[in-house]
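Have a look at the structure below, then the notes.
The values are calculated or read from the model by the stated rules, or taken from the named source; none is laboratory data. In this text the structure is predicted, and so the values were computed from the model without any measurement. In this analysis, Cβ positions are derived from the backbone assuming ideal geometry, glycine residues included, and neighbour counts consider all displayed protein chains. The area values use the complete protein model at the heavy-atom level, side chains included, leaving out ligands, DNA and RNA. Shrake-Rupley method; radii C 1.70, N 1.55, O 1.52, S 1.80 Å.
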Amino acid sequence: MTSQFSTYVITEPCVGLKDATCLEVCPVDCILSTDQEDQYFVDPEICIACEQCALVCPVEAIFLDVEVPGQFRGYIDRNRDFYRKTKGEPMPVPIDKALTMIQAGHAKALELDIAVSVAVVDEGGRLIAFGRMDRARPMSVDIATNKAYTSATFQVPTTELTARSGQSWFQSLIVSTQGKIMAVAGGLPVLDAPNIVGAVGVSGGTEDQDQECCRAALAAY
Ligand code: SF4
Ligand code: SF4
C-alpha cells in the first residue's frame, strides 16, 4: 500500500554521511537504514510530515516529496523501494524490463505493419515508461497509458471490462477519472505470481492489433 499523502524523502546529500541526526527528532521512528545501505530512508507509510528531520539535517538532504529538486527525484522511489524490500512487498516492474516490454511491443507492431505506442505502469497505475514509434499518433501515448492504468486498477485484461462498460457505475467512473478508464482491448496486467506488479497498454492499431502487440510486450516480461 502507498500513502495517499505527502511525506518527507531523504536524498543524495545523505549518501555516505549517514550521521543519524534526524533519527533523534523523528516522533514516529520512521527513519531506518541497514549496514548495507549508504543512506537513511523515510518510511512513507508512517511519516506524518512533521518536518522535524528536515530542520535538523546538517546537509539539507530531506525534502517534502512534492518539493524534491529535479536532480533528486529518483530518491522518492529509492525511499519507497527500501521499505518495500524490507517489508517483503512486491516490487513494481523494473525500468529495464519495462523498456524490454516496450521494444517487444514495437517489434510486433512492425511485423503487423502498424505504428503503436506502448506504456508500462506500476501496480497503482503510475507511469513507469512509454515508447512511441515514429509513425504513431501522439495521442496514442495517452491512450496506451490509460489502457495500462485501467488494467492495473481493475487487475484484469481490459477486454474483461467490455461487458461492464455500459453500466451506469462504470460510466460514472469514466467521468470521475476524466476518461482514464478505458474498457477496450490493448491493456494487460503484469503478474509476478501471486502479485500484480503493473500493467502494459498499447494503442495505434485496431483493437485486435493492439491486443496482439500487448501480448507480445507481456511475453517479454
Ligand atoms: S517528517 Fe517527521 S515523521 Fe516524517 S520522517 Fe521526518 S521527523 Fe519523521
Ligand atoms: S540528518 Fe541528514 S545526513 Fe544525517 S542521516 Fe538524516 S538525512 Fe542523512
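Counting only Cβ charges, +1 for Lys and Arg and -1 for Asp and Glu, the dipole size of the range 77-213 around its Cα centre is about 480 debye. 3J(HN,Hα) along the range 164-173: 8, 5, x, 6, 4, 5, 6, 4, 4, 5 Hz, from the Karplus curve 6.51 cos²θ - 1.76 cosθ + 1.60 with θ = phi - 60°, whole Hz, x for Gly and Pro.
In terms of overall dimensions, the range 90-163 has a Cα radius of gyration and Dmax of 12.4, 36 angstrom.
Each 5 Å bin, from zero up to the one with the longest distance, holds this percent of the alpha carbon pairs of the range 95-219: 2, 14, 24, 26, 18, 10, 5, 1.
How large is Rg/Rh for the range 8-86, to two decimals, with Cα atoms and a Kirkwood Rh?
Taking Rg over the Kirkwood Rh, I get 0.90.
Inter-part distance, the range 1-70 to the range 152-221, computed on C-alpha centroids, equals 36 Å. Sparsely packed loop sites in the range 1-97 (the chymotrypsin sites (Phe, Trp or Tyr not before Pro) outside DSSP H, G, I, E and B with at most 11 other Cβ atoms within 10 Å) comprise PHE5. For the chain, the solvent-accessible area with a 1.4 angstrom probe is 51 square angstrom per residue. Scalar couplings 3J(HN,Hα) for the range 117-124, obtained by applying the Karplus form with A = 6.51, B = -1.76, C = 1.60 to θ = phi - 60°, are 10, 10, 10, 10, 10, 7, 5, x Hz; x denotes Gly and Pro. Highest average first, the peptides 170-183, 148-161 ordered by how many other beta carbon atoms sit within 10 Å of their residues are 148-161, 170-183.
Label zone of LEU17 (point 7 Å out along Cα→Cβ, amide N under 19 Å): in the range 60-74 this covers 60-65, 67-74. With the charge dipole of the chain set up from +1 on Lys and Arg Cβ and -1 on Asp and Glu Cβ about the Cα centre, the Cα lying farthest toward the positive end among the listed residues ILE114, PHE82, VAL59 is that of ILE114. Could you tell me how many degrees, from 0 to 90 and to the nearest 10, lie between the Cα long axis of helix 207-219 and the main elongation axis, the longest principal axis, of the Cα atoms of the chain? Tilt of helix 207-219: around 40 degrees.
Between VAL56 and LYS87, the modelled label-to-label distance comes to 2.4 nm, taking each label 7 Å out from Cα in the direction of the beta carbon.
Can you give the Rg/Rh ratio of the chain, where Rg is from the C-alpha atoms and Rh is the Kirkwood radius? Reported Rg/Rh (Cα atoms, Kirkwood Rh): 1.06.
Over the Cα atoms of the range 20-136, the radius of gyration divided by the Kirkwood radius equals 1.13; this is the Rg/Rh ratio.
Loop-located trypsin sites (Lys or Arg not before Pro) in the range 125-159 (DSSP state not H, G, I, E or B) with no more than 16 neighbouring Cβ atoms inside 10 Å: ARG126, ARG135.
Accessible surface of the chain, 1.4 Å probe: 53 percent of it comes from carbon and sulfur atoms. Do the alpha carbons of any pairs in LYS18/LYS180; LYS108/LYS180; LYS85/LYS147; LYS18/LYS85 sit beyond 30 Å of each other, and which pairs? Among LYS18/LYS180; LYS108/LYS180; LYS85/LYS147; LYS18/LYS85, the Cα-Cα distance tops 30 Å for LYS18/LYS180.
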